[in-house]
Structures are given as structure tokens and as C-alpha cells.
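Single-structure report; data block below.
Computed from the coordinates by the stated procedures, all read-outs in this text should not be read as laboratory data. All figures in this text were calculated on a predicted structure; none of them were measured in a lab. Reconstructed Cβ throughout: ideal geometry from the backbone, glycine too, with neighbour counts over all protein chains shown.
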Amino acid sequence: MDLAEQNSDETMQWAAITGVIATVSVFAIAQGLSYPLLSFILQRQGVSPAMIGLSAAMTPVGFIVSSPLIPALARRFGAGRTALTCAALSAIMLALIGWTQNVYLWFPLRFLIGVVTNPLYVLSEIWVIALAPPLRRGRVMGVYSTVISAGFAAGPLCLLAVGTEGWPPFLVGIAAFVFCGACLALVLRRLPKVDEAGHRVSVMGFMPMAWLLLSAVVVAAGFEQAVLSLLPVYGAHYSIEET
């Protein structure tokens, strides 16, 4: 391979990484918007804080339930097709949530949105790890995590512009999911295949190997979910304006 071809391959590699990170960042905006939005709506409906917390818990439960299914889906349908389908289904689920406006119907819908959004996070991380040069992998993953965090922060900020009533905030989230799928489609051909051949590891076998790391992840995830879902309710209780 000559120098020109090598430079071309590196350019395509970085373009694919950028595309994946852009995809998941837009996705994070939609997710970051939905948590406080739904909490505000339920709070206005007079739903108790306990019920709001249970409703918010349905999405992470969907994450947990769907996680073991992702490798099989990626093998059966292809990782790219799975991710694109999940982006479309996420937009549909959010539209149904906006249409129903019912706390009890939101339980299964929020569970399902967790099921269909989880593969996008898992597969995007796999792609970034596979594409990143070994010597720069840590730095690339740092950028990946930072951009996702920025997306989660930008989601609630969108509510400043569109408010928390009616369809406008839901349309922002739906548009973000659709744009996420469009970004992914642009780089799909450059993404590596997800192949588990010869690399299958039991989840129960992995837990003793990294129990401290997994414990830290559980604590961080619990804190994140509590802040995103319940802090808006806490603020509303003390008459702090939504915006």
C-alpha cells in the first residue's frame, strides 16, 4: 500500500469515527430532552414523585433487558441495519409517548424506548473502539464520552426554546432521532462488521473479573438517572421555574 492509499484509508477511518460520534451525540440530545420533559408533564398532571420515579425507571429496565439480545440482533440482521431500525423505532416510540399523555401507558412505552435505544449506544461504542487507532483509542473514547455528555446537557437546554407543553418538545426529540439515523446512514458503509467469532464471554464469568469497575458504573448510572428524572420534580416542588 502506497502513502496516498494509506492516507486515504486513515481519512475514511476518521470520517467514520466522526460520523458515529455525531450520530450518538444527536441521539443523546433526544434522550437528554425526554427525561426532564416527561417528568415535568407528569408533575403537572399531579402524579406522585414515586410514580414519576417508577415511570422513569422503565427506560433503564429496557436497557437491561435488551442488552443480552444485541449481539444476536447484530449477527442476524447486521449491526448497521439494527442501529438504523432502532433509530426509526425510537422516533416512533417518542411520538407515541407524546400522543398518549397517560402515565400508565407510558410505563410500557418508556420500557420499549429503552429497549430500542440501547443498541445504538452499544453498537456505536463498539464501532468507535474498533475504528480508533490503538495508540489514540483512549483519547478517542474520551472525546466520545465528552460529546455524549454534551448531548445530554443540550437536550434539557432545548426546552428553554420550545417549552414543555404541547408537541414542540416532542417534535425536537423525534427530529433528533431521525437525524441520528441519517448521520448513521452516511457512514454505514465505512463501519466495521460486528463479529463475535471466537470472542464470546459469559456475562457471569466477566463479573468477577471487573466487579469494581462494574460497581462504579452502576453507581454512576443510578446517579445520572436520578438527576435527569427527579431533579426537575424536586425543583418544581420548591417553585423553581421549569426553564
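Annotations
- Ranked list, fewest to most other Cβ atoms within 10 Å of each Cβ, for THR146, THR164: THR146, THR164
- Exposure proxy order (Cβ contacts within 10 Å, fewest to most) of PHE177, PHE152: PHE152, PHE177
- Integer Hz, Karplus 6.51/-1.76/1.60 couplings in order for the stretch 100-112, x for Gly and Pro: 7, 6, 9, 4, 6, 5, 5, 4, x, 5, 6, 4, 5
- As computed over the stretch 1-156, the Cα convex hull volume per residue (Å³): 121 Å³
- Between LEU54 and LEU135, the modelled label-to-label distance comes to 5.6 nm, taking each label 7 Å out from Cα in the direction of the beta carbon.
- Taking every alpha-carbon pair within the stretch 98-178, the share separated by more than 22 Å comes to 43 percent.
- Across the stretch 165-173, computed HN-Hα scalar couplings (Karplus, 6.51 cos²θ - 1.76 cosθ + 1.60, θ = phi - 60°) run 10, x, 7, x, x, 5, 5, 4, x Hz from first to last residue, x flagging Gly and Pro.
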